[in-house]
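The values are calculated or read from the model by the stated rules, or taken from the named source; none is laboratory data. Here the structure is a predicted model, which means the values were calculated and not measured. Every residue, glycine as well, gets a Cβ built from its backbone with ideal geometry; the counts of neighbours run over all protein chains shown. Each accessible area value is taken on the protein alone, full model and side chains, heavy atoms only, with ligands, DNA and RNA left out. Shrake-Rupley method; radii C 1.70, N 1.55, O 1.52, S 1.80 Å.
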Amino acid sequence: MTVTIFEASKIITMNPARPVATHVAVRDGRILGAGSLTELAGWGTHTLDRRFQDKILMPGLVEGHSHVSEGVQWRFVYCGFHDRSDPDGKTWPGLRSVDAVVARLSAAERAMTEPLQPLSGWALDPIYFDNRRVTRHDLDRVSKERPIGIMHASGHIMNVNSKALELAQMLRPGIDHPGVPLGDDGLPTGEMKGPDAMTPLGRHVGLDRGLLASDEPGLRAFARLCVRKGVTTAADLANLLPDAAVAMMARVGAEPMFPARIVSLRVLRGIGPQEAIDHAIALKKQSTDRMRFGAVKIVVDGSIQGFSARLRWPGYYNGAPAGLWYVTPEQLAETLERALEAGVQIHTHTNGDEATELVLDVLEAALRKHPSSDHRFTLQHCQLANAAQFRRMKSLGMCVNLFPNHHFYWGDEHYRLTVGPERAERMNACATALATGVPLAIHSDAPVTPLGPLFTAWCAVNRMTSSGRVLGEAECISVEDALRTITLGAAYTLKLDSEIGSIEVGKRADFAVLEDDPTTIGGDRLRDVRVWGTVQGGRVFAADTI
Amino acid sequence: MAAVAQLPVTVLGGYLGAGKTTLVNHLLRHAGGRRIAVAVNDFGALPIDKDLIEGAEGNVLTLSGGCICCTFGSDLVAGLMELAARADTIDHVVIEASGVALPGAIGQSLSLVAGLVLDAVVVVVDAETVQERAADLYMSDTITRQLADADLLIVNKIDLVAADTVGRLEAWLAQRAPTARLIRAEMSAVATDVVLGYSGPRALDGKTPPQPLHSTAAYDTVSIAFAERVDALRLAKGLADPALGLVRAKGFVHDAVRGWLTVNVVGKRYSLAPMPDAAARAGRLVCIAHGRPIDRSALANVLKLAAVDKVLEVIPCP
Ligand SMILES: [Zn+2]
């Protein structure tokens, strides 16, 4: 039973009784205590580890809503507008024009040896190219022989070249679908919008949706990315969790150097409410320390930028129809009731305020049948909720996980096009959530936006769009609140706050190791805090060598 | 591009409890020799009567009479691609859409998959509750959009509605489903030939003359053969004219300009397509009306206006 005492220049504990300390003692991967060396020496013989003596420790960061498929994306060519770093720590500069995208793809194409192998890319965001649409002719400049497909940052649109269309039997006239724009020649332009239009192309361009669920190397890459971002626990929010995947996750998670804890939710898809609850209960029993199962995710509506989120009156700013339901109220009610009865936690994806309202109504009725005092059902995204809805969340015992990264990436579009100025300034109302007392988490939804809780915290503190507009100053939160939200806050929504989220006796020895002090660097520079690595379950992982 | 035979697909929409599942089982029990593939969202609430199931393999149930049922989960188009790949063992696909799906959007997705063609969007409504549903705070616009997508609107559970309110209900529905023909039904019992049209053994191949369907009290059919070349577009428009009141018309004609074409009319929608195998010597048409007899003289008039002035034989049903 060896005791290790880590010394740091400062330890931010999130424990109000001992908010800062200089030392933390660890045994068997758990925390014996945080305090002074003298206090901790009382635990007996110990090794003093001083490698962090000029670093800042805080509780391991908790990403409350991501997808482990982020680890798979990096096999493809990064085509995003913003700089982004990969699991190996390499930063890929953002691409500022269609020509730059074509140039990077061409370089990747020249390095390929298999002649027919597809070339795949991701994170394209033509919104930033003055909305100049990318076409198959652009990608034909890269290759006319090799199929090419590039996924957009939103995950809802794909661009392909002529060869890919030909292989998918879609380089033909007569296609009549809102997701497939046609050129003057009556043939698809190569922009495929929405899952239906993307599916026939996926297998030909290496972006098959089946492949995008994570595999072994993808899971390891995701965990390496976690180390680089100071994350020690991450939620994988929508997984079908077939037996083979669960076995793979358990095996990989048990590897001695696997550096993260993954909480994977069973998504309600392809099976009915009862089967989903039964599956979640069976999965929970298979949980290990680093692979946690047992909750269910329900997708209620679509996305705001895809105009498929369900909005209440007056709907979309540009007059688009009110969005799409992905579940009936009856199915939702049955699932929530069965979950309350069985004690299974539910996370609901609701982007629009009407979808949020439906969940509040349905849960209120379900709770009357099955009163439950600590269900912690969590509204995910919940971007457009107003103050009255936050008050209902509080009354019903709900948590919320908001999406402030949206302000930076799409806030200008929300202001101008999707929901208009007033609701854009109210979106992801973190300050209202805290003032109302609704337990709050904030998230990246990686790979939709980059994994990085400190960046997400910066978004919640500053609410700045990529053009520099501050979207709703009244909803900005303090650095202190933001840091608590990306640790204890997210842990609470995952029902893990008794194990992680703060540095105090009895909890897992999960730390983010930082080069800069997030409490003094200034709210406007929070995203610049450098991450050295993590300690996860007492094991030290340096980002440089991971 | 050479015309190839295409697998007809019926999209079956409507809110929960309207009677879609009952209709699916009714179609399977009265398949008329068609090998029907039923595609559903999920097996959560199994949509197939147990006695029809013969076996299971992965996400496919084998059913009696060469029929199958498969799930597509959240990936409709991938499911349809799988079905298109099995086209030689299937005569007709029926997609049972989820209660909140927009069946018209599913119909549009069919054009993404080579080898599939939309036959009709059939929407089932519960006559007793549809108006209440359409006023629901959350579901109102979804129900309204489902109705607007329909080619055929099956007004189910008509027996549960007071006789004196049926007329008002149908007027209300007709206003919201402007492109649909209304078909009254109890327990989702509607003839398969009306719901699915001509497919499988009844498919019009251009060689064998179309078989007249059995007329019942509920519906009436007329089968026609003719030698003349026609203005196919004018003919199709005439057959789809609400005044004529046909539920369906299908056949093949020799268009004066475009050669041999198949004509498919469902409700007020019509389509013309090059014939896969233009070996016919005479044009053929079969027309169906539901709930009323076909007005023979009005039909003759439509044929005449399409320049079919030498009708060889008109075969009314026995
Ligand atoms: Zn997500």
query: If residue B:135 satisfies every condition in (1) away from every other protein chain (no Cβ under 13 Å); (2) touching a helix residue (DSSP H, G or I) at 6+ places or on another chain (Cβ under 8 Å) but one, which is the exception?
result: (2)
query: If a residue has to be outside any helix (DSSP H, G or I), away from the ligand (no atom under 15 Å from the Cβ) and modelled with pLDDT of 95 or more to count, how many in segment A:447-466 make the cut?
result: 4
message: If a residue counts only when it is acidic (Asp, Glu) and at negative phi, which helices (runs of 4 or more DSSP H) contained entirely in segment A:382-446 have at least 2 such residues?
response: A:405-413, A:420-426
message: Being away from every other protein chain (no Cβ under 14 Å), crowded, with 24+ Cβ neighbours inside 10 Å and within 16 Å of the ligand (Cβ to nearest atom): is that true of residue A:404 here?
response: yes
message: Looking at the structure I just gave you, is residue A:410 aromatic (Phe, Trp, Tyr) and crowded, with 24+ Cβ neighbours inside 10 Å?
response: yes
Yes/no for residue A:260 being open to solvent by 20 Å² or more (accessible area, probe 1.4 Å), of a type outside the set (Val, Ile, Thr) and farther than 19 Å from residue A:349 by Cα: no
field: Flag if residue A:208 is open to solvent by 30 Å² or more (accessible area, probe 1.4 Å) and within 14 Å of another protein chain (Cβ to nearest Cβ)
entry: yes
message: Looking only at segment B:1-39, filter to residues that are at pLDDT below 90 and within 14 Å of chain A (Cβ to nearest Cβ); which one of those is farthest from residue B:81 (Cα to Cα)?
response: B:17
- line: Checked against (1) within 14 Å of chain B (Cβ to nearest Cβ); (2) buried (at least 24 other Cβ atoms within 10 Å of the Cβ); (3) more than 18 Å from the chain's Cα centre (by Cα), residue A:354 satisfies every condition except (2)
field: Identity of the residue in segment A:174-194, open to solvent by 60 Å² or more (accessible area, probe 1.4 Å) and within 13 Å of another protein chain (Cβ to nearest Cβ), that ends up modelled with the highest pLDDT
entry: A:182
Condition met for residue A:243 (open to solvent by 10 Å² or more (accessible area, probe 1.4 Å), closer than 25 Å to residue A:488 by Cα and away from the ligand (no atom under 16 Å from the Cβ)): no
Check on residue A:317, in contact (Cβ under 8 Å) with a residue 24 or more places away in the chain, open to solvent by 10 Å² or more (accessible area, probe 1.4 Å), within 16 Å of the ligand (Cβ to nearest atom) and more than 21 Å from residue A:434 (Cα to Cα): no
query: Taking the condition in a helix (DSSP H, G or I), hydrophobic (A, V, I, L, M, F, W, C) and at pLDDT below 90, does residue B:78 pass?
result: yes
- request: Report, by residue number, each residue of segment B:78-123 that is within 13 Å of chain A (Cβ to nearest Cβ) and among the acidic types (Asp, Glu).
  value: B:82
message: Going through A:127, A:150 one at a time, which residue ends up being buried (at least 22 other Cβ atoms within 10 Å of the Cβ), touching a residue at least 24 places away in the same chain (Cβ under 8 Å) and within 23 Å of residue A:82 (Cβ to Cβ)?
response: A:150
Of all residues making up segment B:222-241, the number that are in contact with a strand residue (DSSP E or B) (Cβ under 9 Å, 6 or more places away or on another chain) and either open to solvent by less than 40 Å² (accessible area, probe 1.4 Å) or free of Cβ contacts under 8 Å to residues at least 60 places away in the same chain (or both): 13
task: State which residue pairs qualify: first residue free of Cβ contacts under 8 Å to residues at least 24 places away in the same chain and inside segment A:435-446, second residue more than 9 Å from the ligand (Cβ to nearest atom) in any location, beta carbons under 9 Å apart, and separation of 6 or more residues or different chains.
output: A:435/A:387; A:435/A:390
message: Checking the structure you have, find out if any residue of segment A:407-426 is within 16 Å of the ligand (Cβ to nearest atom), in contact (Cβ under 8 Å) with a residue 24 or more places away in the chain and out of contact with any strand residue (DSSP E or B) (no Cβ under 7 Å at 6 or more places or on another chain).
response: yes
query: How many of the residues making up segment A:308-338 are of a type in the set (D, E, K, R) and within 11 Å of chain B (Cβ to nearest Cβ)?
result: 4
query: If residue A:278 satisfies every condition in (1) assigned to a helix (DSSP H, G or I); (2) acidic (Asp, Glu); (3) more than 14 Å from every other protein chain (Cβ to nearest Cβ) but one, which is the exception?
result: (3)
statement: Only unsatisfied item for residue A:271, checking (1) farther than 30 Å from residue A:424 by Cβ; (2) within 14 Å of chain B (Cβ to nearest Cβ); (3) not in a loop (DSSP other than H, G, I, E, B), is (3)
